[in-house]
Amino acid sequence: MAWMNNGKPFSATESFENMLSPDRKLSVQSQGELEANLDHDTVCFLCAKFKDTVSIDVRLKIIEILTNKRAKLSPADLREILKLLEYDDPILREGFKEILAEITEEKLQPLTEVLCTTTDLGVRGVVNFSIDRSGIIEKLISKWNDYSPKDKLIYLNNVVLLQNPRTYPIFFDILKEEPNEQKKEEKKPLQLEFLRHVEKIKDPVFMEQVIKNFPTIEIGVWYGVLKAMQVHGEEFYKQLFEGFERRPMAFKNKLLLMLQQLQDPKSYSFLFPSLQDRAKGIPKIVIDTIFAIIRKFGDDLEHMDPALRESEEIKKKINDFAVPIEGCFNDSLKHMISPLVDCLIRIGRHNLEVILRSLPLLVKYADQQLFVFIRGLELEERKKFLIDACCSPQSDIYMTGLALLSNPTETFIIDVLNTLLLEKFLTLPQTVQNDILTLMMDPRLKSMVDGALRHNDPNVRCRLLQVIGESGFANALTILSGKIHDPDPIVRGTVIELLRLQHFDEEASVPIVLEFLKDPDPNLVLKTILVIRESNHPKITGALSGLLVNINGTIKQSAKEAIAYVTKRKYLAGFTKMTPESKKAVGLSLIRMAPGFLEEMAEKLSDPDGRTRAMAAQVLEALGDNLTPEVKTPLIVAIQDPDPYVRAIVIMCLGKIGGPAVANMLFSYINDPNDRVRANAVEAMGYVGDLSMVDHILPALHDSNNRVRANALMTLWKMGYYQIYETIVEMFKNKNKWMRASVAFALGEMKDQRFVPILIQNLKDPDADVRRNLIKSLGKLTDPYTLAPYIRPLRFDQDEGVRKEINDILAKGR
């Protein structure tokens, strides 16, 4: 049993902990105890502590102990220590070099074991440095030169195990091709022996030298050397194929044939550039090699556990094999695409995403192979594949998927479309729904569409009809009309909504909608009423009128309101084209049908849109004699409208409603800058004013506007103020024809025969408009017999309008 200085039995743990104490004396003493008692167990203990700590100081302390006792270390100890070389800190690795500084041949094996198992240049650098410093290499090279061929066979393995760059010239001398047949035969046993051990060399430097010296190597050993280099993976092939296209054709041909035998997956991606090689035969070798590698991988996939096959790792591996193939789908390689497609399909069947992303190119370059592949899939797998294609966010894949489904002669296409329509339709993106139904409009698929429209789920039927309706297909109306008796009211309601779409011609769609007025569901009848009241179809009003005798009171009232709504809509739409008589007649009818019509028009006087306010004002003007006090408040607000046209009409309407407050309000508008407003304000005063207000009106007799002055005459006369004759005479003498025409009109409106003489005096006015007004007013003030002598000469007036007025008056006297 080992003892510590304090007389206690030796404990590696206790000594190690004390070594880390801040007490320097205790620390030095404990380190000495560890060194004094260093055996294999203690070495293993220290190596474990090295791994457990992250402190660089503690690790250097452990290295110091091992360095101090390096002469005592056994091969077993060295194996444990060499495991620590995985820690790539440069300071630590310098420490390991010190541990290995006095290595001997007896302790060499642990170091060569490391060299045979790693390609890590850092680890190999530490080991090689130690071997170089030991002088073993010089001794070995010196002995090698003196060895007989037999001795070389015996000691070759020892040289290989050292894997030192200084020994590599020996290896390449062994591998070198000899032009002399005798020397070739003499070297053959040594070459074969070297091939037995070459796989032990893991040095990347050796790999680089192999690539550099490859053309000089005996062709008979190429395969063995290439196989040994596989340990370096893709890096070996990357360097091997660098500048490969510039190599001699014979060399490329031989090397590719060797790689074909190897079938190394690591070489796979580096083979593809040679497909474009112009040398005859090389592309064929490459294709065969690619196919062999894929076949082996495909066989592995076939026999692989399904769970493993679905793992992300295997999916990535499949993807890595697929990407180079996909890059070959172009016109320059189309003569080779068929075998490459076979390769893609062989592995892609285990990860359909690979086939999916190449779908457009597969259709372009290998459609028949693709169809064979699709037909060979299991039913559910095939459906999912094609549905995924149609739902792809990538437009080229999406369009290709739709193109595949456009051929109903393929049985599997029918299966997929059925699934899409009957099972998956509601889960599909809306654009896909639209495009699928576009395909279904193929006359060959009519029965399938009919079947889908009888789906048990009304939501599916609704969505199908919605897509069909919104699409504007030529047969959309026919399809919609076929569903007006669908058993589910939700579906029938959907049809009603769809028939409102603007791309349907009203002449064709409205008669279908009208059928729903007979629907057994009252809610759908009410919905139909709301829909059709927006239509201009001539049958609307008649159809609604038929519901006025319906036993359902709600339907009856809704129909009544709809008739009023249609009438109002048409009235307002055609208002400007109607005669004054029609405006009033239809307006009065609306007042009866829709009691709130006038109030509604009055409210529109506050609308922000000027055209709406103007229209409302025109309607109120046409129905001015029927205005009610309820519209007074909106009119008072609207009297300040910035549009003079609206103000003028509002003033007139307020005047007809009347009231003292209105009269006081109108005074300020007699002086409005707008002629029409002033004229209407003066006229409105005739409805609300009396003699007490004459002073407010009198200035209007001198207004510059003919209508203002004429209205002032009529209003004053109406109030009982008759001192207006001078103004009448003055207006008849005015050079402005409209002054003369206006006073002629005004006298007729005053209905007093005392104005007949002055009217007759002016019958020879030079202007036809004035003469027409004179004749009209005379016709209002006296009988045809009295007038006949005065107006008969005008039967031959040059103006047709004048002649017509004369003839109308004379006709009344016959």
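The values are calculated or read from the model by the stated rules, or taken from the named source; none is laboratory data. Given the structure is predicted, the values throughout are model-derived calculations rather than measurements. In this analysis, Cβ positions are derived from the backbone assuming ideal geometry, glycine residues included, and neighbour counts consider all displayed protein chains. SASA here: full protein model, heavy atoms, side chains in, ligands and nucleic acids out. Shrake-Rupley method; radii C 1.70, N 1.55, O 1.52, S 1.80 Å.
Ile551 versus (1) surrounded by fewer than 18 Cβ atoms within 10 Å (Cβ to Cβ); (2) part of a helix (DSSP H, G or I): which is the lone unmet condition? Every condition holds for Ile551 apart from (2). Do the conditions hold for Asp703, that is, is it at pLDDT below 90, more than 18 Å from Ile636 (Cβ to Cβ) and out of contact with any His (no Cβ under 6 Å at 6 or more places or on another chain)? Spelling it out, it is not the case that Asp703 is at pLDDT below 90, more than 18 Å from Ile636 (Cβ to Cβ) and out of contact with any His (no Cβ under 6 Å at 6 or more places or on another chain). Would you be able to say whether some residue in region 622-634 is in contact with a Ser or Thr (Cβ under 9 Å, 6 or more places away or on another chain) and either surrounded by 20 or more Cβ atoms within 10 Å (Cβ to Cβ) or not hydroxyl-bearing (Ser, Thr, Tyr) (or both)? Looking for residues that are in contact with a Ser or Thr (Cβ under 9 Å, 6 or more places away or on another chain) and either surrounded by 20 or more Cβ atoms within 10 Å (Cβ to Cβ) or not hydroxyl-bearing (Ser, Thr, Tyr) (or both), one finds at least one in region 622-634, hence yes. Condition check: at positive phi, touching a residue at least 12 places away in the same chain (Cβ under 8 Å) and surrounded by fewer than 19 Cβ atoms within 10 Å (Cβ to Cβ). Does Gln276 satisfy that? Spelling it out, it is not the case that Gln276 is at positive phi, touching a residue at least 12 places away in the same chain (Cβ under 8 Å) and surrounded by fewer than 19 Cβ atoms within 10 Å (Cβ to Cβ). Within region 719-752, the set of residues being part of a helix (DSSP H, G or I) and free of Cβ contacts under 8 Å to residues at least 12 places away in the same chain comprises Tyr725, Glu726, Glu730, Lys733. Would you pick out the residues in region 453-464 that are within 18 Å of Pro429 (Cβ to Cβ) and either touching an Asp or Glu at 6+ places or on another chain (Cβ under 9 Å) or crowded, with 18+ Cβ neighbours inside 10 Å (or both)? Answer for region 453-464, where residues must be within 18 Å of Pro429 (Cβ to Cβ) and either touching an Asp or Glu at 6+ places or on another chain (Cβ under 9 Å) or crowded, with 18+ Cβ neighbours inside 10 Å (or both): Val460, Cys462, Arg463, Leu464.
Condition check ((1) open to solvent by less than 10 Å² (accessible area, probe 1.4 Å); (2) at pLDDT 90 or above; (3) under 19 Å from Asn434 (Cβ atoms); (4) within 29 Å of the chain's Cα centre (by Cα)) across all residues:
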{"site": "Val467", "(1), (2), (3), (4)": "yes, no, yes, yes"}
{"site": "Asn475", "(1), (2), (3), (4)": "no, no, yes, no"}
{"site": "Arg492", "(1), (2), (3), (4)": "no, yes, no, no"}
{"site": "Gln502", "(1), (2), (3), (4)": "no, no, yes, yes"}
{"site": "Glu507", "(1), (2), (3), (4)": "no, no, no, no"}
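Residues that are more than 60 Å from the chain's Cα centre (by Cα) and open to solvent by 30 Å² or more (accessible area, probe 1.4 Å) were ranked within region 670-692; the one that is nearest to Lys632 (Cα to Cα) is Tyr687. Selection of first residues in region 624-653 that are over 17 Å from Val688 (Cβ atoms) and small (Gly, Ala, Ser) and of second residues that are open to solvent by less than 30 Å² (accessible area, probe 1.4 Å) and assigned to a helix (DSSP H, G or I), restricted to Cβ pairs under 7 Å at least 6 apart or on distinct chains, gives the following pairs, ordered by first then second residue: Ala638/Leu605; Ala638/Val646; Ala638/Val650. Taking every residue in region 699-717 that is in contact (Cβ under 8 Å) with a residue 40 or more places away in the chain and pairing it with any residue that is of a type outside the set (A, V, I, L, M, F, W, C) and buried (at least 20 other Cβ atoms within 10 Å of the Cβ), at least 6 positions away or on another chain, yields no pair with a Cβ-Cβ distance below 8 Å. Of all residues being open to solvent by less than 70 Å² (accessible area, probe 1.4 Å) and at pLDDT below 85 in region 788-807, which is farthest from Gln753 (Cα to Cα)? Just the residue, please. Filtering region 788-807 for residues that are open to solvent by less than 70 Å² (accessible area, probe 1.4 Å) and at pLDDT below 85, the one farthest from Gln753 (Cα to Cα) comes out as Asp797. Tell me, please, whether a residue that is surrounded by 16 or more Cβ atoms within 10 Å (Cβ to Cβ) and closer than 27 Å to Thr431 by Cα can be found in region 332-352. Yes, the conditions are met somewhere in region 332-352.
Among the numbered conditions (1) under 53 Å from the mean Cα position of the chain (by Cα); (2) open to solvent by less than 80 Å² (accessible area, probe 1.4 Å); (3) within 30 Å of Lys143 (Cβ to Cβ), the only one that Ile170 does not meet is (1). Determine the pairs where a residue that is over 14 Å from Thr612 (Cα atoms), located within region 563-578, has a partner that is outside any helix (DSSP H, G or I) and among the aliphatic types (A, V, I, L, M) with Cβ atoms under 7 Å apart, the partner being 6 or more residues away or on another chain. Taking only residues 6 or more apart or on different chains, the pairs are Ala564/Ala594; Lys568/Ala594. Kindly indicate whether Leu605 is at pLDDT 80 or above and touching a Pro at 6+ places or on another chain (Cβ under 8 Å). So Leu605 passes the test.
No other residue among Glu177, Glu208, Glu199, Glu185 is open to solvent by 10 Å² or more (accessible area, probe 1.4 Å) and either basic (Lys, Arg) or under 30 Å from Thr104 (Cβ atoms) (or both) apart from Glu199. Kindly indicate whether Ala452 is on the phi < 0 side of the Ramachandran plot and modelled with pLDDT under 85. Here the answer is yes, as Ala452 does meet what is asked.
Of the residues making up region 603-632, those that are in a loop (DSSP other than H, G, I, E, B) and closer than 16 Å to Asp643 by Cα are Asp607, Pro608, Asp609. You will find that of Ala585, Ala562, Ala573, the residue that is buried (at least 20 other Cβ atoms within 10 Å of the Cβ) and of a type outside the set (S, T, N, Q) is Ala562 and no other. Within region 701-719, if we keep just the residues that are among the aliphatic types (A, V, I, L, M) and within 14 Å of Leu747 (Cβ to Cβ), the residue that is most open to solvent (accessible area, probe 1.4 Å) turns out to be Met714. One residue stands out in region 390-443 among those that are among the acidic types (Asp, Glu) and within 19 Å of Ser471 (Cα to Cα): the one that is least open to solvent (accessible area, probe 1.4 Å), namely Asp442. At least 1 residues being over 31 Å from the mean Cα position of the chain (by Cα) and under 24 Å from Asp288 (Cα atoms) is the threshold, and among the helices (runs of 4 or more DSSP H) wholly inside region 342-391 those reaching it are 359-376. When you check Val160 against the structure, is it of a type outside the set (S, T, N, Q) and within 60 Å of the chain's Cα centre (by Cα), yes or no? No: the conditions fail for Val160. Out of region 740-780, which residues are open to solvent by 30 Å² or more (accessible area, probe 1.4 Å) and aliphatic (A, V, I, L, M)? Across region 740-780, the qualifying residue is only Ile760. Close Cβ contacts (under 7 Å, 6 or more residues apart or on different chains) running from residues in region 795-807 that are part of a helix (DSSP H, G or I) to residues that are among the small types (Gly, Ala, Ser) and surrounded by fewer than 19 Cβ atoms within 10 Å (Cβ to Cβ) comprise Gly801/Ala768; Val802/Ala768.
Phe251 - would you say it is aromatic (Phe, Trp, Tyr) and either surrounded by 16 or more Cβ atoms within 10 Å (Cβ to Cβ) or under 40 Å from the mean Cα position of the chain (by Cα) (or both)? Against the criterion (aromatic (Phe, Trp, Tyr) and either surrounded by 16 or more Cβ atoms within 10 Å (Cβ to Cβ) or under 40 Å from the mean Cα position of the chain (by Cα) (or both)), Phe251 does not qualify. Restricting to region 565-598, name every residue that is among the small types (Gly, Ala, Ser) and more than 17 Å from Glu621 (Cα to Cα). If the condition is that a residue be among the small types (Gly, Ala, Ser) and more than 17 Å from Glu621 (Cα to Cα), then Ala594 is the only one that fits.
The C-beta contact set for region 85-106 (first residue at pLDDT below 85, second residue of a type in the set (Val, Ile, Thr), distance under 9 angstrom, 6+ apart or interchain) comprises Glu105/Ile136. Within region 588-602, the set of residues being outside any helix (DSSP H, G or I) and surrounded by fewer than 18 Cβ atoms within 10 Å (Cβ to Cβ) comprises Pro595, Gly596. Here Val159 clears all of (1) farther than 27 Å from Leu60 by Cα; (2) surrounded by fewer than 19 Cβ atoms within 10 Å (Cβ to Cβ) except the condition numbered (2).
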